[in-house]
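Report on one structure; see the data block that follows.
The values are calculated or read from the model by the stated rules, or taken from the named source; none is laboratory data. Quantities reported herein were computed from a predicted structural model and do not represent experimental measurements. All Cβ positions, glycine included, derive from the backbone under ideal geometry; neighbour counts span all protein chains shown.
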Amino acid sequence: MSTLPYISGLTNKNIFLVEPVEPYAEKTLRDEKTTNIRGIIYSPKGTYLAYRTDKKAEVVRCSDWSVTTTVEGNIKDMLFSPLDNYFMVWEMFAMTKDDPQGKPNLHILKSTNGEKVGSFVQKYQTGWEPKWTSDEKLCAMLVNGTIYIYEDCKFDRYVKNVQMEKLKAFSVSPSAAPNYYFSIFTLGKSGQPSFWRVYKYPSFEEGAAVVSRSSFQADKATFHWNRRGTNVFALTQTEVDKTGGSYYGKQSLSYGDVKGNAGNMTFSKEGPIHAIAWNPGNWNEWVAVYGHAPAKATIFNAKCDPLFEFGTGAWNAIYFPPEGNHVLLGGFGNIATGHIEVWDVRGYKKLGACSAPDTTLLQWDPRGETFLTATTYPRLTVGNGYKLWHYTGVLMHKRQCEEKEQLLAISWQPGQYPKSELSRTPPRGIQDAAPKPVGAYRPPGARNKPSTFTLHEHEKPHRPGETPNAAPSKQAIKQKEKREARKARKAEERERGDASPASPPAPAAARAAFVSTGDPEKDKKIKNLNKKLSDIDKLKAQKAAGKQLELNQLAKIDSEKTLLAELAQLKL
């Protein structure tokens, strides 16, 4: 495997490869001789690249770009198993006079040589994908409301079938053997709640659920497991929100773990749940973007305690690189700005920001040093192309499609790759000639003036327990006054034409050293007076430096004569 991950792209003219270094030259892998290429995908480990046309699908080994597998047929979708060992394809299900029952349309083949190991009837494209455990020990698929489970890649007969009334969706945890868990969603009958439950394989009997949660407002569910397969979120949703609170239906988020703990998640801002994502590098962290615009973003631990608030922004998407050391918050689709922010999730520091309007695809490179944004067809018919960004928001490369050229897909090659200088040093960027998003209209009289009206209240980044938009502290105000005083002095010097720095104020006259009087009570009073006089010396120095003192500080300076007289009396 190369020391650098390739970028592979598909246009209506060719499949091309890009090595992500200057000069970003494109190499053609398949040209117009291979007609009607509809899609490309990489295997999870980056061993293979597959493409499909109207007549076939082919698997190409990335080490030498040779074809290992060819599947004839009008392939509509394709997928690899977690360890790259198996290639799966789905074609339209059809019944004919010669074959009224219809032929199997889901096929599983070995990636290395194309040997077919299983064929099944899967009538619908939605949910056709078989689901595997991370070690490929188990493979399961949902057919006509029943989950069929196969072991050790033996597809001649299933070892377990799970039948539940109105079973609509399921997910397999990525946990290691022998602790395999299945999350299952069943739709409630009229007047009855829907349920999602977690079972430990192979026990699916009634009452064997590790977690069981019910909801009267759930028509469908999607599951989100953490990297270790110990914790799962179920995002449930109704088709229509009868309360009118959401155009897309009412949402709710609940959680559970393999120890049996479970509950409902509530957020600090009302509104839709735009995105949730577990940190792939830390099984105990996850991020959510939620609430009415501007949406709020928060990082939580597995117990749903907030760890850091990223504030509010034009966000609706979350992207983690494979190591999980950074998180990207983006706003795409119905958010026209394409605003992007990248944060360090170790020290909660913002690393960079940029804008990529009309983005339909975003993907981190396997090293977590750069990310790719693209505008693809048919999602958008104009402005097709892709951009390569450094994680600090620096634009490194841009490629626009030519006339009559359409970018259909683009992807990084997965795998393990060594870090480069990009992980430490941002590169020199290029200018983005893309038009900037048009801002909100402001009348002529209000232009070039600070706005006194805001449509939404924005929240600044902060840690839990802090007040995000609180007034600055007294110490912060003092520091600001010092900075402003220094700026004023420098501006005055420039106006005088004096390039040399202002002379420091003369030090205050040295105070007499303390000498004991032999009376402990008098010595205590003398020491106290000496401390007050020392504080006055500091205030006088600040005043000489040009700092604006407060009234109580000026009063302290005025009390110097009285303190000196009192000190002299004590020394008699």
- So which residues in the stretch 365-385 are surrounded by fewer than 22 Cβ atoms within 10 Å (Cβ to Cβ) and in a strand (DSSP E or B)? G385
- Message: If the requirement is being closer than 23 Å to K349 by Cα and out of contact with any Ser or Thr (no Cβ under 8 Å at 6 or more places or on another chain), which of these qualifies: G291, G311?
- Response: G311
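Pick from G333, G347: which is within 26 Å of R379 (Cβ to Cβ), surrounded by fewer than 22 Cβ atoms within 10 Å (Cβ to Cβ) and modelled with pLDDT under 95? Spell out the reasoning first.
Numbers: G347 fails: within 26 Å of R379 (Cβ to Cβ).
The conditions single out G333.
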- Query: Which members of the stretch 515-545 meet the condition of being surrounded by fewer than 14 Cβ atoms within 10 Å (Cβ to Cβ), modelled with pLDDT under 85 and within 58 Å of the chain's Cα centre (by Cα)?
  - Reply: A544
- Set A234, A208, A262: member being free of Cβ contacts under 8 Å to residues at least 12 places away in the same chain and touching a Phe, Trp or Tyr at 6+ places or on another chain (Cβ under 8 Å): A208
- Message: So Y319 ticks every box in (1) closer than 22 Å to D365 by Cβ; (2) among the aromatic types (F, W, Y); (3) surrounded by 20 or more Cβ atoms within 10 Å (Cβ to Cβ) but one. Which box is left unticked?
- Response: (3)
- Of all residues making up the stretch 206-229, the number that are touching a Leu at 6+ places or on another chain (Cβ under 9 Å), within 30 Å of G281 (Cβ to Cβ) and surrounded by 15 or more Cβ atoms within 10 Å (Cβ to Cβ): 4
- Note on the structure: Flagged in the stretch 63-94 as among the small types (G, A, S) and in a strand (DSSP E or B), in numbering order, are S66
- For the stretch 184-303, which fully contained strands (runs of 3 or more DSSP E) count at least 1 residues that are among the polar types (S, T, N, Q)? 194-200, 211-215, 220-225, 231-237, 251-257, 262-265, 295-301
- Item | Output for the stretch 41-65, where each listed residue is surrounded by fewer than 16 Cβ atoms within 10 Å (Cβ to Cβ) and not charged (D, E, K, R) | S63, W65
- Can you find a residue in the stretch 18-40 that is surrounded by 15 or more Cβ atoms within 10 Å (Cβ to Cβ), in contact with a Phe, Trp or Tyr (Cβ under 6 Å, 6 or more places away or on another chain), farther than 19 Å from Y386 by Cβ and modelled with pLDDT of 95 or more? no
- Task: Considering (1) farther than 30 Å from G291 by Cβ; (2) modelled with pLDDT under 70; (3) surrounded by 12 or more Cβ atoms within 10 Å (Cβ to Cβ), say which one S500 fails and leave the rest.
- Result: (3)
- L362 versus (1) hydrophobic (A, V, I, L, M, F, W, C); (2) more than 30 Å from H462 (Cβ to Cβ); (3) surrounded by 17 or more Cβ atoms within 10 Å (Cβ to Cβ): which is the lone unmet condition? (2)
- Task: Look at the stretch 108-141 and say how many of its residues are surrounded by 21 or more Cβ atoms within 10 Å (Cβ to Cβ) and in a strand (DSSP E or B).
- Result: 7
- Message: If a residue must be among the β-branched types (V, I, T) and modelled with pLDDT of 95 or more, how many such residues does the stretch 76-109 contain?
- Response: 2
- Query: exposed (fewer than 14 other Cβ atoms within 10 Å of the Cβ), at pLDDT 95 or above and either of a type in the set (K, R) or in contact with a Leu (Cβ under 9 Å, 6 or more places away or on another chain) (or both) - does that describe any residue in the stretch 190-205?
  - Reply: no
- Taking A336 as the residue in question, decide whether it is outside any loop (DSSP other than H, G, I, E, B), over 21 Å from P5 (Cβ atoms) and in contact with an Asp or Glu (Cβ under 9 Å, 6 or more places away or on another chain). no
- Inspect all residues belonging to the stretch 180-199 and state whether any of them is of a type in the set (G, A, S) and within 27 Å of Y48 (Cβ to Cβ). no
- Query: Among (1) over 11 Å from the mean Cα position of the chain (by Cα); (2) touching a residue at least 60 places away in the same chain (Cβ under 8 Å), where does H326 come up short?
  - Reply: (1)
